[in-house]
Amino acid sequence: MKYGYFDDLKREYVITQPDTPLPWINYLGCQAYFGIISNTAGGYSYYRDARLRRISRYRYNNVPLDFGGRYIYLRDDESKEFWSPSWQPTRNNIENYSCRHGLGYSTIGSQYAGIEAHTRYFVPLDENLEIWQLTVTNRRSTKATLSSFASIEFCLWDAQDDATNFQRNFSTGQVEVEDAVVYHKTEYRERRNHFAYFATSEKNGRFDTQRESFLGRYNGWDKPDTVAAGELTNSIAYGWSPIGAHQAKIELAPGETKQIVFVLGYHENPVADKFDPAGSQILNKKLVKPTIDKYLDPVNADAAFEQLSKHWDSLLGIFQVDTPDVHTNRMVNIWNAYQCMATFNMSRSASFYESGIGRGLGFRDSNQDLLGFVHMAPIRARERILDLAATQLPSGGAYHQYQPLTKRGNNDIGGDFNDDPHWLIIGVSAYIKETGDWGILDEPVQYNNVEGSEQPLYEHLQRSFKYALERIGPHGLPLIGRADWNDCLNLNCFSDTPGESFQTTTNKEGKVAESVFIAGLFVHSGTELAAIARHRGLQAEAATYVAEVEKMDKVIRQHGWDGEWFLRAYDALGAKIGSKECEEGKIFIESQGYCVLAGVGLEDGLAAKAMESTRKHLATKHGIVLQQPAYSKYYINLGEISSYPPGYKENAGIFCHNNPWVIIAETRLGHGDEAHDYYTRINPSAREEIGDLHRCEPYVYAQMIAGKDAPSHGEAKNSWLTGTAAWNYYAIAQWILGIRTTLEGLEIAPVIPKSWPGFTASRSYRGVTYKIVIERQGQGNSVALTVDGAAIEGNIVTPPTDGRKEVTVKAILS
Ligand code: GLC
Ligand code: GLC
């Protein structure tokens, strides 16, 4: 069953039933101020760092699910009935409910008792605030006398501390109220120079700032005493739980509409100018007041909304396609690109599944995310690369994660994930292929954020590869370290203590366990690095990389091949993992996909065989599972992977992130039908019809879909923040549709389904817009190219030398 529909023209997903199987969320903000918002207005906001600078409070895993958010209540002051137009938190029997999740905004509303109300939530560009535009219309034939209430619960900044340190936190809360603005200033008196605020365009209403005064004892957000009674109490929070709540009286003639604007924001004052008057303890509001006033004016709010729409138009306009498949079009043109921007902004920090306190930005994750957004935000990609590289350790290894606010490596998790350094090479290479910005390689970048340790970025790449070369195991394959891409294959961990971190506990020396997956990654990154070195004129160095890659390729074929597929690894005792000799976990997806993607076995038939085995043993109608058979019990030599029940997560779940590796692998073999078929199996839009099974949002990818060993086979989980976004985008855009960035120019190499007559695309690349027409004339994948009418050799279109800004490319496939 469906819970809504795609409005492709408006680029919105419209949810028409509020009780979706799970909260279906959207993101607000795309620069420094961010929020998540569910289809019933649940969620929270933060500034830059979901853990350290949380603006509003949210309780994860709440009961009922998704309780707490940007809640608005309406009250009929005659009947005394109240409700929430967003359904939650009051959950009345509203009519005409809709939530339009769009690009950077959500509009949620409904009609109740003849009163229609919608709220549009968004974050204007270049501002650290969000706007809520509430529009109320009287659809009755009589006058309506109403009150509106808007509320937000503040978080005391550090979300982790906020949720645990009550002995202190119940005593620190402080606010000020002035001119219909609630200022949340907990800890401002001491070492903070930032505060949050919640303002309303209705200046004459009442307010509350203490949660208990607003809700009443033992009440939840569904039944605030004050809303029921129709009057806020003008409470001033002193300790306990500061909130912002505003009341406005609304009188509406039949057919009349009224708009109220709310602004929730974050502001930093200069340290020397914190108080006004100086020497007092009163917040200096002078610097923020003009901004608040500006956006409380609906004209300015509308203008900011227009600007935001234009921003997204231009981002998405960089690559647009028209193919025979609606799901492909929708995902490439709108939602997958949009999700890539979200994963870039959030990494894995804040979603309905990531609490914002767990992880900062992952080194591995963020480098891969680049593949999906680099064309839309090259300048920010550059910045991200330099930040990431600065957390690299002098050994060439890397902190596995870093906090975005401090940009420092996260000591709790540390390093030694031996795949990490390779991803930096792959990320940088993707950046240069897109931008042609070779200069980035000469940027001085610190190691481990230590001043004075700056070396050109290129040196970071050299050290990455050197790190890999220094960590080769007994078979000549890369040592796995703490884990590779699969965080749950913890071959040196041998953990028998509950609660111990599988990823950071190591009880073995780490000199035996090897990863065939990293071997594939090695071939990939070594090939990329060789090409970069060649371009820098370092021919001899490039040759050493090529030699190492060739050596690794041989080792994979000798010690990483199991007869019908690639092995996955050797454990700490040297036993095979992912082999027909194993009782469980005989075949894994990662090494099949990644080795073939990297080009291993394309010539001698191993790649084709590996893909055949993948199809035979791992493919299901809901996607390709991670391994088979699933581990039915805990294996101490394998770690977390066998800790999950069969069919979930890394234990034979459909881990959507690695499906595109197989998709790309199929394209490398020229198999367009197979590639697009796999692509469609996990495409959320193509799964919209099975909403009750899939359960997650139909407009974005989820990290995982339950595998065939789970009772809920086909159920998705952990939507939004996953490398799946970037990899699927990359797979469809660059490998199936085959519009591929290379160091030299734009390569046109589609490997599309045989039944497609072709497709068209528009791609802006290095300042030129390419209008691309692909026409199928035969069943194969060979390409004959004409550029502005002239036939060219090969299939790489290089940027025009005569200043043309638009180029027509025609490709005949035969
Ligand atoms: C999660 C992690 C990612 C890891 C994957 C597989 O998605 O964010 O880093 O590669 O799980 O374990
Ligand atoms: C768990 C998850 C994995 C994730 C990791 C992050 O192991 O199964 O997907 O990458 O946590 O620390």
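Below is a table of values for the structure above.
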{"item": "Within the range 630-656, considering residues that are of a type in the set (A, V, I, L, M, F, W, C) and part of a loop (DSSP other than H, G, I, E, B), the one farthest from ligand 2 (Cβ to nearest atom)", "result": "ILE636"}
{"item": "Pairs where the first residue, in the range 694-705, is within 14 Å of CYS340 (Cβ to Cβ) and the second is within 16 Å of ligand 2 (Cβ to nearest atom) and of a type in the set (Ser, Thr, Tyr), C-beta under 8 Å, 6+ apart", "result": "VAL700/SER719; TYR701/SER719; TYR701/THR722; TYR701/THR724"}
{"item": "Test: LYS466 is among the basic types (Lys, Arg) and either touching a helix residue (DSSP H, G or I) at 6+ places or on another chain (Cβ under 8 Å) or over 23 Å from ALA726 (Cβ atoms) (or both)", "result": "yes"}
{"item": "Unique residue being in a loop (DSSP other than H, G, I, E, B) and over 17 Å from the mean Cα position of the chain (by Cα) when the list is ILE413, ILE379, ILE357", "result": "ILE413"}
{"item": "Check on ALA569, within 16 Å of ligand 1 (Cβ to nearest atom), among the aliphatic types (A, V, I, L, M) and farther than 21 Å from ILE426 by Cα", "result": "yes"}
{"item": "Considering residues of the range 750-786 that are of a type in the set (Val, Ile, Thr) and open to solvent by less than 20 Å² (accessible area, probe 1.4 Å) only, the residue farthest from the chain's Cα centre (by Cα)", "result": "ILE774"}
{"item": "Total residues in the range 445-486, condition within 16 Å of ligand 2 (Cβ to nearest atom) and open to solvent by less than 30 Å² (accessible area, probe 1.4 Å)", "result": "6"}
{"item": "Residue in the range 422-429 that is farther than 28 Å from ALA350 by Cβ, more than 16 Å from ligand 1 (Cβ to nearest atom), at pLDDT 95 or above and in a loop (DSSP other than H, G, I, E, B) present", "result": "no"}
{"item": "Test: GLY672 is in contact (Cβ under 8 Å) with a residue 60 or more places away in the chain and surrounded by 22 or more Cβ atoms within 10 Å (Cβ to Cβ)", "result": "yes"}
{"item": "Residue list for the range 257-299, filter: open to solvent by 70 Å² or more (accessible area, probe 1.4 Å) and either within 17 Å of GLU130 (Cβ to Cβ) or in contact with a Gly (Cβ under 7 Å, 6 or more places away or on another chain) (or both)", "result": "GLU268, ASP293, LYS294"}
{"item": "Hits in the range 684-723 - residues which are in a loop (DSSP other than H, G, I, E, B) and away from ligand 1 (no atom under 16 Å from the Cβ)", "result": "ARG695, GLU697, PRO698, TYR699, LYS708, ASP709, ALA710, PRO711, SER712, HIS713, GLY714, GLU715"}
{"item": "Test: GLY397 is modelled with pLDDT of 95 or more, within 29 Å of GLU514 (Cβ to Cβ), crowded, with 19+ Cβ neighbours inside 10 Å and not aromatic (Phe, Trp, Tyr)", "result": "yes"}
{"item": "Residue in the range 589-601 that is surrounded by fewer than 20 Cβ atoms within 10 Å (Cβ to Cβ) and not hydroxyl-bearing (Ser, Thr, Tyr) present", "result": "yes"}
{"item": "Per-region count, the range 602-618, residues surrounded by fewer than 22 Cβ atoms within 10 Å (Cβ to Cβ) and among the small types (Gly, Ala, Ser)", "result": "3"}
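The values are calculated or read from the model by the stated rules, or taken from the named source; none is laboratory data. Just so you know, these numbers come straight off a predicted model, no measurement behind them. When we count neighbours, we look across all protein chains shown, and the Cβ atoms used for this are built from the backbone with ideal geometry, even at glycine. Areas reflect the complete protein model, heavy atoms only, side chains present, ligands, DNA and RNA absent. Shrake-Rupley method; radii C 1.70, N 1.55, O 1.52, S 1.80 Å.
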